[in-house]
């Protein structure tokens, strides 16, 4: 389509103007077709500057997610990437693709989820134009008990990608939530298909949802005291495309060296629970008070319960106790 080809050329020349005549020449279409395609892109939300005698370029304030935009910032140009304006759930759709034999590395990115998934069957608030929601398919040679390391490296990848774009301090709440200024800005949901006999992982889907610029008043009532936005009103050009690329480059880089666990110290340094009084949260049970002492090399949380018992938490959920 002329529209898609023009968008790709605009991304390739994002730092300069390209004339309508040049666009028409490269694509072998009329100037009128170029003009119509530019208008269609604007209707879809792309901010395009047009100046007489100079041509067209993507506005520096444009924040529309697109495959072309993400690939512009990706180091891994060969990544199998598919971008959607809206999707039910990137994890759900990718799971179907995995069951149908999709190859490792397939990544789905969306600007909106209509049925986003959180942990323990919760929904994940995923409004349009206010975040990025992505899932990547991995087929590691791992036992199920070792899969936590992938969730941990994803958390570090997100924290580092956020900090690369803004002067913020991203912390990790064990195992998989990212917080900034005491507010949750990202959730990570890792889902696995297992071989029950061997305990081996068939595949993993790592789902990541990041609130980039959700206005505080837009959060549902149950989230208003918990959730926040990673970037607020900071003026960052092509924010979501750059953030998606940053997360994917870091995550795939860490995954390629998974056994080295080079991100362990970064994960531990960013922990917001170590040394804190916490509650251990288990389904069907009252919160159990404990103190978070340390992280084991396999990312288990070492805690001391109220009775003085030392315990390893390999999975589950905790909350920080407020005084």
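A short reminder: the numbers here are calculations on the coordinates, not readings from a lab. Fair warning: this is a prediction, and the values are worked out from it, not measured in the lab. For neighbour counting, all protein chains shown are included, and Cβ atoms are generated from backbone atoms with ideal geometry for every residue, glycine included.
Applying 1/(1 + (r/R0)^6) with r as the Cβ-Cβ distance of residue 217 and residue 114 and R0 = 25 angstrom yields a FRET efficiency of 0.75.
Taking Cα atoms only, the orientation of helix 90-99 departs from the longest principal axis of the chain by about 80 degrees.
Is the shape of segment 104-172 rounded, prolate or oblate, going by the alpha carbon gyration tensor and its root eigenvalues a ≥ b ≥ c, with a/c under 1.5 for rounded and a/b larger than b/c for prolate? The shape class here is oblate. What angle, in degrees between 0 and 90 and rounded to the nearest 10, separates the Cα long axis of helix 239-256 from the longest principal axis of the Cα atoms of the chain? Taking Cα atoms only, the helix is inclined about 50 degrees. Take each peptide in 266-278, 193-205, 102-114, count the other Cβ atoms within 10 Å of every residue, and average; sorted highest first, the result is 102-114, 266-278, 193-205.
Take every pair of alpha-carbon atoms less than 8 Å apart whose residues are at least six positions apart; their mean separation over the length of the chain yields a relative contact order of 14 percent.
Note on segment 12-111: Kirkwood hydrodynamic radius from all Cα pairs is 15.7 Å, rounded to one decimal. A Förster radius of 56 Å combined with the Cβ-Cβ distance from residue 279 to residue 59 puts the calculated FRET efficiency at roughly 0.75.
Please build a GNM for the chain, connecting alpha carbons under 10 Å apart, and tell me which residue among 251, 301, 223 fluctuates the most. Judging by the Gaussian network model, the answer is 223.
Spatially, segment 39-97 and segment 156-211 are offset by 23 Å when compared through their Cα centroids.
Between helix 148-165 and the chain there is an angle of about 50 degrees, using the helix long axis and the longest principal axis of the Cα atoms.
Which residues does the label zone of residue 233 cover in segment 144-182, counting backbone N under 18 Å from a point 7 Å along Cα→Cβ? In segment 144-182, the label zone of residue 233 (backbone N under 18 Å from the point 7 Å along Cα→Cβ) covers 167.
Computed extension gain for residue 49 through residue 128, at 0.36 nm per residue and net of the alpha carbon distance, reaches 26.1 nm.
Describe numerically, in nm with one decimal, the distance between label points set 7 Å from Cα along Cα→Cβ at residue 294 and at residue 146. According to this spin-label approximation, the distance is 2.3 nm. Does the chain classify as rounded, prolate or oblate by the C-alpha gyration tensor (a ≥ b ≥ c root eigenvalues; a/c under 1.5 gives rounded; else a/b over b/c gives prolate, otherwise oblate)? Judged from the Cα gyration tensor, the chain comes out prolate (a/c at least 1.5, a/b above b/c).
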